Amino acid sequence: MKHAKDTLSDNYGGGGKLNPRRIYMEYESNVVFAIVLLACVQLSYWLADFIPDELFRNGISQILNGCIATVGLFGACLVWRHHDGMRARKLWAFVLLFWTVLATLLLMRLIAYDAQRSETGILSLKGWELVIGNFYAWLLLIYPAEMLRPGWLNVRRSVLHLLPVFIVGVVDYLLPVDLHLVLAFYPVVLVGFLTMHIRAYRTWCEENYSSMDNIDQQWIVKYLTMYLTIGGSYIVMSFKASTPRMFTTLWLLLFMLAYSTEQIVFRPDPWKMVRRKKVIPVEPEEEPQTEEELDPSIEENRAILEEWMNKEKPYRDPEFRLVDLHQVLPMNRTYLSRFINAAYGCNFYQFVTNYRIAEAKRLIRKNPDMQIQDIAEQCGFSSPTMFSRVFVRETGLTPGEYAVQGDNAETQNA
């Protein structure tokens with residue numbers, strides 16, 4: 001009799017390895033999002049050419065700044081009311097409040113830096129103005145930093161992030177060197193540091209959750225895409241002697257604040273969801289450090305787990321998580337994750353996905369006319385769309401194609 005590990009390898013390409021098509025589908029939505037966003041930017045640049053300078057200064061800019069202040073204030077109140085103890089949401093409320101104050105001051109013409117100045121261009125900006133601009137940009141990176149690594153961004157690290165900006169600004173002021181472009185592109189360096197943590201965040205989610213719906217790194221990628229688009233738009237505007245070009249930067253910022261607030265309020269926090277899960281805090285007497293030390297008990301634990309999975313079918317619950325395995329395996333979360341990886345050659349997300357796809361295949365073979373929505377519900381997928389996406393990613397076939405062609409077509413597509 002084959003072990004579950006062998007069976008899953010036969011069906012899904014070995015140890016939970018992903019179908020090559022997954023890479024394309026994984027980032028498909030982000031590519032579409034980026035293309036639409038860039039198309040809107042290009043359209044707004046075209047519209048800006050028809051906006052007279054005077055109309056922009058005395059009308060459109062005031063309207064956009066007023067909208068930013070309103071969205072920021074309303075959003076800050078909404079996020080704070082629903083922060084639910086999440087530090088990331090509290091920080092985002094602070095960021096929104098900051099932009100509310102800044103937009104209000106711009107409206108009242110009470111600050112030295114005038115974003116609607118008639119003289120544009122990076123070289124026309126003073127070093128201290130670029131330093132302040134970098135601080136504005138850094139504020140927008142607080143939220144993704146907290147989501148990717150909760151509690152990591154403290155006062156000391158914040159100072160270290162901003163210190164190079166102040167040093168370059170001082171050097172630019174004291175010495176006869178032009179470092180304006182260095183200051184202008186420094187936010188890109190900060191984004192680079194953040195992207196280094198995205199893969200680790202995705203790995204952590206897959207080790208603890210059976211569904212990546214709404215909690216994976218795709219939202220962070222979209223957020224950073226908006227961030228870079230705003231920064232790029234500002235740089236392009238700065239090189240153009242056209243004040244209305246600022247129109248693009250302002251409406252992009254307005255869109256980012258509004259869209260991000262909606263996403264942050266209604267998007268679950270995976271870190272908090274794990275911490276809130278009620279589990280029995282059972283710790284092993286001596287936690288194994290290598291796969292070899294797992295071997296003596298791995299077969300027994302695997303048999304227990306597979307019997308429970310086949311009998312109780314816990315994967316039918318879309319919110320099935322790693323900590324739910326405490327019901328049959330009294331181990332801590334780190335030990336459970338190691339066990340799944342050692343016993344099945346994949347993480348918890350792929351382990352559960354394999355069971356769900358196997359169940360979906362069984363239902364399709366048993367009843368080819370069964371509705372997609374019913375299959376998705378019985379297999380533990382959060383929606384028919386998510387089920388179809390995962391099924392195609394894992395098998396290379398749509399559910400309808402599999403109903404007609406069966407396992408043979410899947411083998412040919414592998």
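The values are calculated or read from the model by the stated rules, or taken from the named source; none is laboratory data. None of the values given here were measured: they were computed from a predicted structure. Methodologically, a virtual Cβ is constructed for each residue, glycine included, from the backbone with ideal geometry; neighbour enumeration extends over all protein chains shown.
Just a few scattered comments:
- Matching entry among Tyr349, Tyr402 (being aromatic (Phe, Trp, Tyr), part of a helix (DSSP H, G or I) and closer than 22 Å to Pro270 by Cα): Tyr349
- A Cβ distance below 6 Å, combined with a sequence gap of six or more or placement on separate chains, defines the contacts here; from the range 349-361, residues that are touching a residue at least 12 places away in the same chain (Cβ under 8 Å) reach residues that are among the hydrophobic types (A, V, I, L, M, F, W, C) and surrounded by 21 or more Cβ atoms within 10 Å (Cβ to Cβ) in the pairs Phe351/Ile340; Asn354/Leu8; Arg356/Cys379; Glu359/Cys379; Ala360/Ile375; Ala360/Cys379.
- Subset tally (residues that are crowded, with 19+ Cβ neighbours inside 10 Å and in a helix (DSSP H, G or I)) for the range 373-388: 4
- Odd one out for Ile357, checked against (1) at pLDDT below 90; (2) of a type in the set (Val, Ile, Thr); (3) under 16 Å from Pro314 (Cβ atoms): (1)
- Within the range 309-341, being outside any helix (DSSP H, G or I), under 24 Å from Ala376 (Cα atoms) and either of a type in the set (D, E, K, R) or touching a Phe, Trp or Tyr at 6+ places or on another chain (Cβ under 8 Å) (or both) holds for Lys313, Asp317, Pro318, Glu319, Arg321.
- Filtered residue count, the range 390-401, keeping only those that are basic (Lys, Arg) and either over 22 Å from the mean Cα position of the chain (by Cα) or surrounded by fewer than 19 Cβ atoms within 10 Å (Cβ to Cβ) (or both): 0
- Leu141, sole failed condition from (1) at pLDDT below 85; (2) closer than 26 Å to Gln218 by Cβ; (3) crowded, with 17+ Cβ neighbours inside 10 Å: (1)
- Out of Leu110, Leu47, one residue alone is modelled with pLDDT under 85, assigned to a loop (DSSP other than H, G, I, E, B) and either of a type in the set (D, E, K, R) or farther than 30 Å from Phe391 by Cα (or both). It is Leu110.
- Residue in the range 64-87 that is surrounded by 13 or more Cβ atoms within 10 Å (Cβ to Cβ), in contact (Cβ under 8 Å) with a residue 12 or more places away in the chain and closer than 30 Å to Arg393 by Cα present: no
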